[in-house]
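Where a number appears in this text, it was derived from the coordinates with a stated rule and is not lab data. All values reported here derive from a predicted model rather than from experimental measurement. Neighbour counts run over all protein chains shown; Cβ positions are idealised from the backbone, glycine included.
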Amino acid sequence: MNQETTASPVGSRPNESDSKIISIKSMHKWFGDFHVLKDINLEVAKSEKIVICGPSGSGKSTLIRCINRLEEHQQGSIIVDGTELTQDLKNIEIIRSEVGMVFQQFNLFPHLTVLDNVTLAPIWVRKLPRAEAEEQAMQYLERVKIPEQASKYPGQLSGGQQQRVAIARSLCMNPRIMLFDEPTSALDPEMIKEVLDVMIELAESGMTMLVVTHEMGFATAVADRVIFMDEGEIIEEKPPKEFFENPEHDRTKLFLSQILHH
Amino acid sequence: MSQTPANPRYTPGTHPDLPPPRRTTGVLGWVRMNLLSSPLNVALTLLSIWLLWTILPPSIHWLFTGAIWTAADRKECWALMDAPRDGACWAFIRGSFELFVYGWYPEPERWRVNLTFVLFIAAIVGGLRENIPGKKYWLIFAAAYPFIAAWLLLGGFGLEPVGTNKLGGILLTLVVAVTGISFSLPLGIALALGRRSNLPALRAVCVIFIEFIRGVPLITLLFVASTMLTYFLPPGSTFDLLMRVLIMVTLFASAYIAEVVRGGLQGLSGGQYEAADALGLSYWKAHRLVILPQALKISIPGIVNTFIGSFKDSTLVLIIGMMDILGLGRARLNDPDWLGLAPELYIFIALFFFISCFAMSRYSLNLEKKLQTGHKS
């Protein structure tokens with residue numbers, strides 16, 4: 001595996017391609033015999049917002065999970081913020097602390113209070129003093145509009161509140177990139193908006209974001225590019241307006257007709 | 001919905017919270033629901049009352065009112081009763097109490113055993129209580145306790161040395177059980193993590209160890225400890241029998257703990273691992289802060305179950321000739337003065353084990369309730 005991933009044409013100097021914060025080149029991934037990602041090439045500029053959509057099983061979640069190495073790719077290269085993802089555990093931990101991730105199922109730590117959830121990584125990874133970490137945590141909880149829930153446990157919050165805590169938890173690490181893996185898919189309809197509002201506010205602040213979602217309204221509002229994936233390939237990538245009004249490929253058209261017809 | 005006069009119609013939004021129907025709450029409601037809910041239930045209630053009526057009075061008479069508490073031997077006991085065996089001869093237990101507690105520990109040194117017991121209580125209370133001032137120091141003390149206890153009991157470093165063969169009775173039972181319990185938990189956790197490791201060699205070692213230990217009866221391991229182990233040790237080396245037994249008991253319990261903890265680890269959703277990874281926590285930090293606190297919480301019933309099991313399994317050491325409370329009690333039954341007082345002895349021993357195990361069980365329930373944060377991951 002190593003020989004494929006180390007020989008990167010771009011090299012791993014941070015200043016080489018300054019505006020490109022993520023650079024994925026001819027990347028392949030298999031689950032056993034199943035070829036789940038095929039020849040992925042994707043460059044993401046700083047502050048760019050990218051929405052990834054596609055039918056289920058198309059590999060879109062797997063793609064963003066490769067970016068913080070929750071999944072391991074087997075061919076090609078992924079360079080995140082100047083560091084190439086290899087077997088090197090130290091590099092992986094560094095990249096993970098720079099890349100925030102929000103999950104479909106929130107994945108808050110149920111045995112810790114909201115405040116402890118949010119301060120855990122700053123204290124143990126960034127080595128911040130507790131008081132400082134808590135002060136910063138309260139700022140982010142305010143930003144996601146739930147400072148009053150700080151002493152509660154995740155199980156006492158609604159889904160929308162939990163997802164906002166999850167966003168605050170990631171932001172507390174001051175990440176340079178945020179990955180969202182279907183952040184609103186597990187929410188009741190009346191809670192989707194409160195989470196999307198937080199994400200829109202985050203987008204406006206200049207965060208680099210990769211969002212797997214079916215919320216086409218969100219894509220129209222904030223995305224710089226929409227990427228459509230099917231069967232492990234990137235089929236089409238365009239600015240949202242063009243993407244929705246002028247889809248090129250038949251598969252994109254079919255997908256759009258299926259999700260927009262109601 | 002039909003409308004009855006008792007249920008007046010409210011305009012939407014003004015419906016008050018009404019009290020529940022009568023007869024479902026209070027003492028009468030409870031009796032009605034639990035004791036008299038059906039003809040079969042009424043019959044069972046009557047049967048139970050009759051059974052209690054016939055069993056309780058004679059039991060109370062034998063155990064308490066007709067029992068003899070002070071006597072020199074069993075003949076004196078019988079003489080003091082209306083008829084021989086009319087009541088329990090607790091004088092037997094009272095007369096043997098010191099032997100049952102201390103074994104053959106030399107009399108002038110018994111304060112050391114008492115101190116060990118007192119420190120044991122302190123370590124338990126200090127180590128387990130949540131809101132105790134100076135919690136950190138209590139935890140350090142609790143962790144150091146086994147070594148303090150070993151020094152107090154066996155002597156050396158300024159204390160009169162006492163051979164391990166002098167330990168017996170409740171003292172020996174507690175030494176075997178507490179050592180097994182307190183060392184098997186960390187070892188079991190390590191084995192569980194090893195069994196789930198990505199390193200094939202480590203995983204294989206843990207699987208083989210766990211499966212081997214679980215596949216062999218404890219008695220076999222104790223026989224190995226008492227007889228075979230000497231063949232494997234370098235000739236001329238002596239390795240205390242009690243120490244060998246303690247190691248075997250600990251290894252045995254740790255294999256079971258490992259499987260219980262592994263169950264807890266598997267009960268956790270993969271999302272917890274991923275969230276910890278995604279935040280940049282290392283393997284050890286993720287396990288210490290996120291994974292183990294939750295996995296151990298899920299495993300509490302199984303862990304305590306194993307603890308209670310190994311507490312009672314400690315009686316098996318009598319097979320290799322060690323005199324724990326059961327072994328010592330049985331030996332005492334052969335004493336001509338107290339011949340044939342088995343019921344008293346076994347009631348006493350059962351009571352000792354029941355109190356110890358029930359306390360562990362209650363504590364675990366308490367702990368589960370305290371750690372309940374109203375959510376599954």
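Data overview
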| quantity | calculated |
| --- | --- |
| The stretch B:122-265, relative contact order in percent, only Cα pairs under 8 angstrom and at least six apart counted | 28 percent |
| Most mobile of B:Pro20, B:Pro336, B:Pro39 in a GNM of chain B (Cα contacts under 10 Å) | B:Pro20 |
| For chain B, built as a Gaussian network whose Cα springs stay under 10 Å, the top-fluctuating residue of B:Ile213, B:Ile124, B:Ile55 | B:Ile55 |
| Amide proton proximity set for B:Gly103, modelled H, under 5 Å, gap of 5+ | B:Gly168, B:Ile170, B:Leu171 |
| Dipole of chain A [Lys/Arg +1, Asp/Glu -1 at C-beta], most positive-end residue of A:Ala203, A:Ala131, A:Ala221 | A:Ala131 |
| Relative contact order of chain B, defined on C-alpha pairs under 8 angstrom at six or more residues apart (%) | 16 percent |
| Cα-based equivalent ellipsoid of chain B: semi-axis lengths in Å, sorted from largest, via gyration tensor | 44, 39, 20 |
| C-alpha center-to-center spacing [the stretch A:144-162, the stretch A:32-69] in angstrom | 30 Å |
| Farthest toward positive dipole pole in chain B [+1 Lys/Arg, -1 Asp/Glu at C-beta], among B:Ala123, B:Gln272, B:Ser48 | B:Gln272 |
| Euclidean distance between Cα centres, the stretch A:172-188 to the stretch B:192-209, Å | 34 Å |
| With at most 16 neighbouring Cβ atoms within 10 Å, loop trypsin sites (Lys or Arg not before Pro) (DSSP) excluded, longest segment of chain B | B:197-375 |
| HN-Hα J in Hz across the stretch B:243-253 - Karplus 6.51, -1.76, 1.60, θ = phi - 60°, x for Gly and Pro | 4, 4, 5, 4, 4, 4, 4, 5, 4, 4, 5 |
| Over the protein assembly as shown: helical MRE at 222 nm, DSSP H runs n ≥ 4 each giving -39500 (n - 2.57), nearest 500 | -17000 deg cm²/dmol |
| Of B:Val42, B:Val178, B:Val249, the one that fluctuates the most in a GNM where chain B has Cα springs shorter than 10 Å | B:Val42 |
| Under Karplus coefficients 6.51, -1.76 and 1.60, residue-wise ³J(HN,Hα) of the stretch A:77-93 in Hz, glycine/proline x | 10, 10, 10, 10, 6, x, 10, 7, 7, 10, 5, 4, 4, 4, 4, 4, 5 |
| Under 5 Å, built H, 5+ apart or other chain: amide partners of A:Lys49 | A:Met209, A:Asp224, A:Arg225 |
| Residue-by-residue Karplus 3J(HN,Hα) for the stretch B:292-301, coefficients 6.51, -1.76, 1.60, Hz, glycine and proline x | 5, x, 7, 5, 5, 4, 4, 7, 3, x |
| Value of relative contact order over chain A, rounded to a whole percent, pairs C-alpha under 8 Å and six or more apart | 24 percent |
| Chain A: C-alpha gyration tensor shape, a/c 1.5 cut-off, then a/b vs b/c | oblate |
